[in-house]
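Following: one structure in structure tokens, then a few remarks.
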Amino acid sequence: MTLIKSISGIRGTIGGKVEDNLTPIDAVKFAAAYGTWLKQQRNKDNYRVVVGRDARISGEMIQSLVMNTLVGMGIHVIDLGLSTTPTVEVAVPMEHADGGIILTASHNPKQWNALKLLNAKGEFLNGVEGKKILDIAESSNMTFAEVDDLGKITKNEAYIDLHIDEVLDLPLVNKDAIEAANFKVVVDGVNSTGGIAIPLLLERLGVEPVKLYCDPTGYFPHNPEPLKEHLGDLAKSVVDNHADFGIVVDPDVDRLAFMDEKGEMFGEEYTLVACADYVLSKTPGNTVSNMSSTRALRDVTVKHGGNYEASAVGEVNVVDLMKKNNAIIGGEGNGGIIYPESHYGRDALVGVALFLSLLAEKRIKVSELRASYPNYFMSKKKIQLTPGLDVDGILNTMESNYGHENLTTIDGVKIDFADSWVHLRKSNTEPIIRIYTEAPSQNEADKLADRIIGEIKAIANI
């Protein structure tokens, strides 16, 4: 069981011991640290924080603890109830709030939960801000409100609908073409809030949704990470229902993957590639993704006359580089679409609307669309970390061993070969080393990953 404290928030497994797991004590401590940090930003009479959660089993308990801790600090709370990460991000500026908290562990299994923290723009905190909150939590230097100054909780469960309104108002969302196409789409909502939001969006666009695991119970019917090996039921449903394609999201609806009409994965790496292709065809400009994302985005960007840049892994790093490079679309290869015309956050609803617009205008099948893009294949593997393992030493040795190659070390070690690459890094959210590779064929990508894993194990004697 694990508790991970990072600049992006606090994430852990439910139950167990304080400081070792995400217990009620830890949830209260970090909510209070966030509230304290919030008050340090601006000296004012009233503070407001938007709070929402995905449907995981522990969500209601953790949300109650977090909200009432903020109330105890004299902070007013806008309770969105069941929501999505991008919905909370959109709600913060709409509510003129001082910040927001999303209670979700994203793609992690049901025993996990997390506090993900937002600033007044509805964007994730940067490293400096996140460290201040961690320092406050460790110092326990937190002051609570007296009885006459307690905050209040106001419920507002309309924000998924308001978020959908915002998506439909985007100029590049071609509602007429989508409605005319008469699409039928299977939606795997992994029994979380995507099962609420995505079908509602599709219905508003005139698309017929076929719901699969769209009951927001928090009992995930399969591993919630939207990867091919977890999506056999979606593949079968797409084929059995003669659907145009399938959609799968993670529990908090910031990751998006598609399945073609044959029940084959479009590839979560290509979610961003397709959406960027559509946006760049209408509004040429620059793009950004992280270092672990496919080269295909670079190729599509260059085709449209733009400039592509790669950031360190992590949404806040992608957003920072997008702002610096005036990127008009960006994201992460895990199916995360960041479209600044909407907001600076990964948003599966925006991704669905842009993808449907592209497909409706091109009037081709999803398999044909996928075949039109550069063909790269990725392998995504990991090594479980054991206590006492010198991860930094391992990465330094790998860097030294491949010093003759094209290296990037802003985030772990990325080795660029002529027609392939490998990226090694510690995860921010799990006790693992991630090994991502990309090559011209799946066999080559897998072989490269296995070779590197063997080299790491030899260095670490594991």
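Quick note: the coordinates plus some simple rules give every number you see, no bench work behind them. Only a predicted model underlies this, so the values are computations on that prediction, with no experimental measurement involved. All Cβ positions, even for glycine, are placed from backbone atoms using ideal geometry, and neighbour counts span all protein chains on display.
Modelled this way, with points 7 Å down the Cα-to-C-beta line, the labels at K184 and T217 are 2.6 nm from one another. Each Lys or Arg adds one and each Asp or Glu takes one away; over the other residues whose Cβ falls under 9 Å from the Cβ of R48, this sums to -2.
For the chain, the dipole from Cβ point charges (+1 on Lys and Arg, -1 on Asp and Glu) about the Cα centre works out to 460 debye, to the nearest 20. For the pair the range 30-95 / the range 286-335, the C-alpha centres are spaced 30 Å from each other. Here K303 is the anchor, and the aspartates and glutamates within straight C-alpha reach of less than 13 Å, apart from those fewer than 8 places off in the same chain, are D277. Over the residues of the chain, the helix contribution to mean residue ellipticity at 222 nm works out to -12000 deg cm²/dmol, using -39500 (n - 2.57) for each DSSP H run of at least 4.
Legend: residue pairs K380/K414; K17/K380; K29/K131, Cα-Cα distance threshold 24 Å; pairs beyond threshold, K17/K380.
Only aspartates and glutamates eight or more places from K121 in sequence, or on another chain, were considered; those with a Cα closer than 13 Å are E89, E95, D98. Taking label positions 7 Å along the Cα-Cβ direction at both E129 and D390, the computed distance is 3.7 nm, reported to one decimal. Pairs of C-alpha atoms in the range 326-462 farther apart than 23 Å represent 48 percent of all such pairs. Based on alpha-carbon atoms, the Kirkwood radius and the radius of gyration of the chain give Rg/Rh equal to 0.96.
Taking a straight Cα-Cα cut-off under 17 Å and skipping sequence neighbours fewer than 8 places away in the same chain, the lysines within cross-link reach of K184 are K175, K211, K236, K262, K362, K365.
By the compact-protein rule of thumb, 2.2 N^0.38 Å, the alpha-carbon radius of gyration of the range 163-371 corresponds to a ratio of 0.94. For the range 277-356, the spread of Cα coordinates along the three principal axes comes to 27, 26, 21 Å, biggest extent given first.
Rounded to whole numbers, the Karplus 3J(HN,Hα) couplings from phi for the range 191-206 are 6, 10, 6, x, x, 8, 6, 5, x, 4, 4, 4, 4, 5, 9, x Hz, using 6.51 cos²θ - 1.76 cosθ + 1.60 with θ = phi - 60°, and x at Gly and Pro. Neighbours of G285, meaning other residues whose beta-carbon lies under 15 angstrom from its beta-carbon, give a summed charge of +2 when Lys and Arg score +1 and Asp and Glu score -1.
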